[in-house]
Amino acid sequence: MALSQVAGRLIGVRQHVVDPGGGGAHRVPHPVEAVVVGGGIAGMSAAVVLAERGVRVTVLEAAPTLGGRLGAWPQELADGVQANEHGFHAFFRQYYNWRSILRRVDPELRFLRPVPGYPILSADWPTEEFGRLPPAPPANLLALLLRSPSLRLADLRAMDRDAALPLLTYDPVRTYAEFDGATADELLDSLRLPDRARAMLFEVFSHSFFNHEAEMSAAEMIAQFHFYLLGNPEGLAFDCPDEDYGTAIWQPLAGHVERHGGRVRTGVAATRLDRSPAGWRVSAADGSAYPAGHVVLAVDPPALAALVTASPVLAGAAPELVAAMPAFGTPGPPYAVARYWCDGDVDAGRAVFSGVSRQPTLDSVTLYHRLENESRRWAERTGGSVLELHAYACEPGVPAEELAERMRAELVALWPEAARLRVRELRARVEAQAPAFTPGGHAGRPGVRTDADGLYLAGDGIRTDFPSALMERSAATGIVAANHILRAEGGAAEPVRSIRPRGLLARR
Ligand SMILES: Cc1cc2nc3c(=O)[nH]c(=O)nc-3n(C[C@H](O)[C@H](O)[C@H](O)COP(=O)(O)OP(=O)(O)OC[C@H]3O[C@@H](n4cnc5c(N)ncnc54)[C@H](O)[C@@H]3O)c2cc1C
């Protein structure tokens, strides 16, 4: 254990138990049917827990492959088939619930490899390196303040320290009551930081949640600072799979669910919910129908709104859910992901993953040929490289190829040698499925339990009363949904864990 972790532990920076689980039978004592709509992290986490407890669970996934925004699929290229993915993902070490699901298929998590470094690049300012901070607070914060090239002593003196205090006093109720009405932009303005520090240390953060700081709730930004930097003992260190997500995660997890008696149906889109003698009936686009006592809707926000609108029974059965949908179903800004198979490589010293600050479009760069085995083999065979560029909150209405071109030009401004790369193949997509975290949105954000019996929600837009975000929130809400079902049916619940529940300086 690092020294900062030992010190942090003394002040409660450690893993906390949200729900100890247990309390029922190893397997549900009578037949229970459940349908999970959506085969991403949230849906598959729910399905894993339910199937292990003997619930007859069916997962319906609309796409031909599992994984949703962490999906992977075979991509035809001129020189053969390569796995392509929905985009690079950092598996942070405080993702306790997601990692516990992944341990079902790899108990030592050997497929996750540490990614050294976490640089933030800028065309105007020196590189910020998050990867070299001590893992746990308060040492990581002190090191950041002392070592960061983006912050000088004079900046700290000029900063409004009272305005910065909320970053250290995160509280799951008070923070939202006080700051959900403000934007992250307003919070950052109030700190009176120089532009350099604001761009390099803060804006990069809001973009990672697929939101512009001008459109993101200040409370959500404080919550995410707590979750990623100021409240967990693992810090900003992360790992990544060394194989594509289909091979490393989805095929093994589907096999696990099926071995426990569950069914996983891909290419089957749920179209509506109705009441049935069993409780619910989920109808699908292929004409099939699935009666079940419990339903977990684990789809992205726009898909949830569409499914709720297409299910008239919910107007009477779940009026609060219906009322929450117009706002919840409106996603954050579009994001773009472009993968380039190139002739030539960038400099050997470039980091596997880099965040990017203040470029108009580009938000991150990943060198896949230094990360995943298949890309590595392709690069060795061809002498080339496999790059992926992301834009997390981009201008609406711009075609994917145009965004890919802009991102490549912006990369050249940061890494001049990238101008020499010749792109052999490009696959670019632009989508809008991420939840929006708009100011004032917290009160109306749906939680796992809906106002209808036997109907639950899971996903990264769903509210939790413990710190969580992104992949970890999807897994945690999936497990919480499964636990509601298990407790209702006499099965033992799954433990749920999180980080320190409040900020280091939060009042009790
Ligand atoms: C480019 C990119 C990079 C990211 N990087 C990170 C990162 O580094 N770290 C991190 O923690 N998170 C990251 N995320 C966020 C992460 O991907 C999401 O938080 C997570 O995957 C969401 O999982 P989910 O199960 O909640 O939703 P989804 O993955 O959206 O899954 C929902 C599933 O429901 C299916 N579906 C929709 N409608 C229906 C229907 N009617 N019937 C049946 N199925 C349906 C969809 O096809 C989909 O498979 C990133 C996301 C993107 C896009």
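The values are calculated or read from the model by the stated rules, or taken from the named source; none is laboratory data. Values in this document were obtained by computation on a predicted structure and should not be read as measured data. When we count neighbours, we look across all protein chains shown, and the Cβ atoms used for this are built from the backbone with ideal geometry, even at glycine. The protein model used for the area step is the full one, side chains on, heavy atoms only, and it has no ligands, DNA or RNA in it. Shrake-Rupley method; radii C 1.70, N 1.55, O 1.52, S 1.80 Å.
Observations on the structure shown:
- In a simple Cβ point-charge model (Lys, Arg +1; Asp, Glu -1; nothing else charged), the chain has a dipole of about 1420 debye relative to its Cα centre.
- You can think of it this way: the chain between W73 and R487 has 145.4 nm of extra reach, that is 0.36 nm per residue less the Cα-Cα gap.
- Think of a 1.4 Å ball rolled over the protein heavy atoms: the chain then has 39 Å² of accessible area per residue.
- Note on E395 and T382: the extension gain reaches 1.2 nm, defined as 0.36 nm multiplied by sequence separation minus the Cα-Cα distance.
- For region 359-399, backbone nitrogen atoms closer than 11 Å to the point 7 Å from E405 Cα along Cα-to-C-beta are found at 399.
- Sequence ranges 277-288, 254-265, 359-370, ranked by mean other-Cβ count within 10 angstrom, highest first: 359-370, 254-265, 277-288
- Cα gyration tensor category, rounded, prolate or oblate, for region 334-431 with a/c compared to 1.5: prolate
- Histogrammed with a bin width of 10 Å, the alpha carbon distances of the chain distribute as 4, 19, 30, 27, 16, 4, 0 percent, first bin at zero.
- Difference of contour (0.36 nm per residue) and Cα-Cα distance, V173 to M1: 58.7 nm
- Long hydrophobic helices in the chain, taken as whole DSSP H segments with a C-alpha length of 15 Å or more on their own axis and mean Kyte-Doolittle hydropathy at least 1.6: 41-52.
- Efficiency of FRET between D465 and S283 - r from beta-carbon atoms, R0 30 angstrom, step 0.05: 0.35
- Global geometry of region 1-133, whether rounded, prolate or oblate, following the gyration tensor of its Cα atoms and the 1.5 cut on a/c: oblate
- Environment charge at D19 (Cβ cut-off 14 Å; Lys +1, Arg +1, Asp -1, Glu -1): +1
- Taking Cβ atoms as reference points and 13 Å as the exclusive limit, the residues near S148 contribute a net charge of +2, counting Lys and Arg as +1 and Asp and Glu as -1.
- Residues D106 and R14, FRET efficiency given R0 of 22 Å [Cβ-Cβ distance, rounded to 0.05]: 0.35
- Packing-based ranking, highest mean first, of 387-394, 6-13, 324-331 given that Cβ atoms within 10 Å are counted: 387-394, 324-331, 6-13
- Label zone at R424, where the point sits 7 Å out along the Cα-to-Cβ direction: region 70-99 residues whose backbone N lies under 16 Å: 75-84
- Relative contact order for the chain: 27 percent, from Cα pairs under 8 Å spaced at least 6 residues apart, divided by residue count.
- Accessible carbon and sulfur surface of the chain relative to its total accessible area, %, 1.4 Å: 54 percent
- Region 214-251-region 428-480 distance, computed between alpha-carbon centres (Å): 15 Å
- The listed residues W125, W378 rank as W125, W378 when sorted by accessible area, largest first, using a 1.4 Å probe.
- Whether region 250-401 is rounded, prolate or oblate, judged on the alpha carbon gyration tensor where a/c under 1.5 counts as rounded: oblate
- Residues of region 254-282 with amide N under 15 Å of a point placed 7 Å along Cα→Cβ from H30: 278-279
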